[in-house]
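Worksheet for the structure shown next.
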Amino acid sequence: MCAARLTSASLLKASFSLLFMAMLMLPGIGSIWSLDLLPELAENRSLATSPAIANLKLHTTKDVADAVKSVENYLMDHFGFRRILIASSKLIRFYALDTSPSKSVLIGRDGWYYYAAEHNIEAYRGEQPFNRAALKKWAHFFKQVDALAQTHNISFFFLIAPDTPSIYAEYLPRLLGKRNSRNRLDQLLDYMGGKQLTAVKLVDVRSSLTGKKDSLRLYMKTDSHWNELGAFYATQTLVETIKQGSPVAHELAPLTLDDYSIVAGKQPGGDLATMMGLRNYISEENIHLEPLRGTFSYQGTPATKTSPETVVTESDAGNSLRVTMFHDSFAGAMLPFMSRAFLRVHYVFQRAISVPEIVDDGSQIVVAEIVERSLYSPPPKIAK
């Protein structure tokens, strides 16, 4: 009897030992035979590349430490079943625990997600309002831009793209209400309303977007940007403001949705889904505007967040207006509509206002676009 118990205990210990050894060996086996069958994870970084062993320098202690670190980084990024383990962890947190796998993403209601970094939520809630010194800095910036615009005989329009909560606050978590009724954008508009600016106009598109959001969705649910329809309405408001506010824009034709057909279709999740590592598991219906008339051509690659090259477009818009547009990633979806509205548009993916770019372009109109949360940063620089 005792012998039988001893044998059973020994078998159990041996089984646990073999299981433990198998678990230790699995990552190596998975790496050698490439058994991780899941697709590549959508990560906001580049994975470590395989170190060239033959080229490693091992002359000093630092060389050895650097070589060990490079090998370690590679193994950490490429061990067997890494994708399965990471994806499983994220999916469990997301579906089973109803929590975001990323601190930068807030889970809203009805399939909405919100960017939770860079003061995006604070901007909507009105937290950390401008103090008087900060408002004076922005006023000084606009006065400098106004003087620049008058010197070069151009009209300058400053467009502030609303963050998602400013348009779709109703899908935020119920307990996340506004702390102040007015936020930094409201403060800035009020403050600048009392200043005498000759050639600079601030463009607030919030009312235009909220007035049209009940028909079709204007922002993406899984991305921190507006969709093409939201970008169209923002551009439409901008074009109307330019026509009214620039002495050279009398020939500018208004944008009309009749020039486009609206096409809806499924697409993988946007940048918020990517931040959570769930782009391959979350999709959404997105809206695309297919042009029915009007063409444009461009030189270079259309600007994106990861491709900061400048782009120049020319069109058959029927006017002689040349525009320089300094912008961030929100302008990517505006490009097709801006490009069809003006004869020539030079897109510059940067926050700073570059005087040489404006002078070289010979532009009559300059547009600077920044996202609303950028008001928590200092004003753009003026590069002369």
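Examine region 352-363 for a residue that is part of a loop (DSSP other than H, G, I, E, B), of a type outside the set (Phe, Trp, Tyr) and surrounded by fewer than 22 Cβ atoms within 10 Å (Cβ to Cβ), and state whether such a residue exists.
Within region 352-363, one or more residues are part of a loop (DSSP other than H, G, I, E, B), of a type outside the set (Phe, Trp, Tyr) and surrounded by fewer than 22 Cβ atoms within 10 Å (Cβ to Cβ).
I'm trying to understand the selection: among the residues of region 345-362, which are farther than 16 Å from Leu335 by Cβ and among the polar types (S, T, N, Q)?
The answer is Ser354, and nothing else.
Within region 240-253, does at least one residue satisfy the condition of being surrounded by fewer than 19 Cβ atoms within 10 Å (Cβ to Cβ), closer than 17 Å to Ile160 by Cβ and of a type in the set (Lys, Arg)?
no
Do you know which residues across region 144-174 are closer than 30 Å to Tyr113 by Cβ and aromatic (Phe, Trp, Tyr)?
Within region 144-174, Phe158, Tyr168, Tyr171 meet the criteria.
Looking at this structure, is Ser207 assigned by TED's automatic domain parsing to the domain that holds Ser377, hydroxyl-bearing (Ser, Thr, Tyr), in a loop (DSSP other than H, G, I, E, B) and free of Cβ contacts under 8 Å to residues at least 24 places away in the same chain?
In short, no.
Spot the failing condition for Ser283; the list is (1) modelled with pLDDT of 95 or more; (2) small (Gly, Ala, Ser); (3) farther than 23 Å from Ser339 by Cβ, and only one is missed.
Tallying (1) modelled with pLDDT of 95 or more; (2) small (Gly, Ala, Ser); (3) farther than 23 Å from Ser339 by Cβ, Ser283 fails exactly one: (1).
Scan region 178-201 and tell me whether some residue there is free of Cβ contacts under 8 Å to residues at least 60 places away in the same chain, in a loop (DSSP other than H, G, I, E, B) and surrounded by 15 or more Cβ atoms within 10 Å (Cβ to Cβ).
Taking every residue of region 178-201 in turn, at least one turns out to be free of Cβ contacts under 8 Å to residues at least 60 places away in the same chain, in a loop (DSSP other than H, G, I, E, B) and surrounded by 15 or more Cβ atoms within 10 Å (Cβ to Cβ).
Any idea which of Gln187, Gln150 is touching a Phe, Trp or Tyr at 6+ places or on another chain (Cβ under 7 Å), in the same structural domain as His327 (by TED's automatic domain parsing) and of a type outside the set (Gly, Ala, Ser)?
Being touching a Phe, Trp or Tyr at 6+ places or on another chain (Cβ under 7 Å), in the same structural domain as His327 (by TED's automatic domain parsing) and of a type outside the set (Gly, Ala, Ser) holds for just one of Gln187, Gln150, which is Gln187.
May I ask you to list the residues in region 123-169 that are assigned to a helix (DSSP H, G or I) and closer than 22 Å to Thr210 by Cα?
Ala123, Tyr124, Arg125, Thr164, Pro165, Ser166, Ile167, Ala169
Is there a residue being assigned to a loop (DSSP other than H, G, I, E, B) and of a type in the set (Phe, Trp, Tyr) anywhere in region 274-293?
Within region 274-293 (the criterion being assigned to a loop (DSSP other than H, G, I, E, B) and of a type in the set (Phe, Trp, Tyr)), the answer is yes, since at least one residue qualifies.
Output the residue which, of all residues in region 107-151 that are over 28 Å from Val200 (Cα atoms) and surrounded by 15 or more Cβ atoms within 10 Å (Cβ to Cβ), is nearest to the chain's Cα centre (by Cα).
Tyr115
Here is a list: Leu255, Leu343, Leu321, Leu278. Which entry is in contact with an Asp or Glu (Cβ under 7 Å, 6 or more places away or on another chain), assigned by TED's automatic domain parsing to the domain that holds Asp163 and not polar (S, T, N, Q)?
Leu343
Restricting region 210-228 to residues that are of a type in the set (Asp, Glu) and assigned to a loop (DSSP other than H, G, I, E, B), which is surrounded by the most Cβ atoms within 10 Å (Cβ to Cβ)?
Checked region 210-228; the qualifying residue surrounded by the most Cβ atoms within 10 Å (Cβ to Cβ) is Asp223.
The values are calculated or read from the model by the stated rules, or taken from the named source; none is laboratory data. On a predicted model such as this, the values are computed, not experimentally measured, just so you know. Heads up, the Cβs are rebuilt from the backbone with ideal geometry, glycines too, and the neighbour counts pull from every protein chain shown.
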